[in-house]
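Report on one structure; see the data block that follows.
The values are calculated or read from the model by the stated rules, or taken from the named source; none is laboratory data. Because the structure is a prediction, the values reported are computed rather than measured. Counting neighbours? That spans all protein chains shown, and the Cβs are built from the backbone with ideal geometry, glycine included. Side chains included, ligands, DNA and RNA excluded: accessible areas come from the protein's heavy atoms. Shrake-Rupley method; radii C 1.70, N 1.55, O 1.52, S 1.80 Å.
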Amino acid sequence: MPVGFFDSGLGGLCILEAFKKACPHESTVYIADSANCPYGNKSAEEIIRLAEACTAELLERRCKMIVVACNTATAAAIDVLRDRHRDVPFIGIEPAVKPAALRSKSGVVGVLATAGTFNGRLYRETKARFAKGVTVIASVADEFVSLVERGETSSHRAETIVRAKVEPLLAAGADHIVLGCTHFPHLRPLIEKVSAGRADVIDSSEAVAQQARRVLARCGMLASESATPVHEFIRKVHTRQCAVRMV
Ligand code: DGL
């Protein structure tokens, strides 16, 4: 049985890639809900409805575990999903505020994410618990999401947009930039170019992949080492849906 992933679009592919490295024998199904992208500025009710639709589709494909590869959907919907599907393990993602705050020497950390993530309980609680005495600057970077959905991750225009968001965080003294949206690691080369020598860039992909592996192992659900993995990619785009099956 495969492991299911969903995101508002292509962002969560960075989680999928990290997961495939951590669990090379697992089959996967990834849903990119690009038809409804962005999630970042939608209401929690709307995001719950969309997250439930993706979950239902993944469960129809007999997924044994679901990775909510989206910070915004995790913030709005993971409690509801866990409550409605008690027999399915769900893995979520949240901005890496804790490691950034622990490592910061300047005492200033910049977080790039969506409004939905910043408004969620998880973000508020993590910040209150692990970033005491650290100034955490929240910056909504919705423009990054559309750049990634369009595949525009290295253009001059993309660099200008990235610079406009990252420079103010650096000017405020941030020595760590947290990528709190799964779309943003796709812009990592540009973000690192802008912050080179001034701040470290961190995201949660690797930590989520390792957590998914731990949960599979704990539930006795790891695929056998002789399994040949199959990877299915489904991108929902406005009127039609395209599915690609890869071995
Ligand atoms: N990739 C999503 C996240 O991690 C959100 C992007 C969007 O606004 O749809 O938050």
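May I ask you to say which residue of Leu170, Leu222, Leu190 is in a loop (DSSP other than H, G, I, E, B) and over 25 Å from Ala75 (Cα atoms)?
Leu222
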Query raised in the report: Are any residues in region 103-123 closer than 14 Å to Asp200 by Cβ and either within 11 Å of the ligand (Cβ to nearest atom) or among the basic types (Lys, Arg) (or both), and if so, which ones?
Result: Arg103, Lys105, Leu112
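Per-residue answers, yes or no, for (1) open to solvent by 10 Å² or more (accessible area, probe 1.4 Å); (2) within 15 Å of the ligand (Cβ to nearest atom); (3) modelled with pLDDT of 95 or more; (4) more than 20 Å from the chain's Cα centre (by Cα):
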position: Thr153; (1), (2), (3), (4): yes, yes, yes, no
position: Phe184; (1), (2), (3), (4): no, yes, yes, no
position: Ala199; (1), (2), (3), (4): yes, no, yes, yes
position: Ala212; (1), (2), (3), (4): no, no, yes, no
**Report entry** Residues (in contact with a strand residue (DSSP E or B) (Cβ under 9 Å, 6 or more places away or on another chain) and part of a helix (DSSP H, G or I)) located in region 112-148
**Finding:** Ala115, Thr117, Phe118, Tyr123, Lys127, Phe144
Query raised in the report: Would you say Val208 is surrounded by 22 or more Cβ atoms within 10 Å (Cβ to Cβ), at pLDDT 95 or above and either of a type outside the set (Gly, Ala, Ser) or in a helix (DSSP H, G or I) (or both)?
Result: yes
Requested in this report: Could you tell me which numbered condition Arg82 fails, if it satisfies all but one of (1) away from the ligand (no atom under 16 Å from the Cβ); (2) touching a residue at least 24 places away in the same chain (Cβ under 8 Å)?
Outcome: (2)
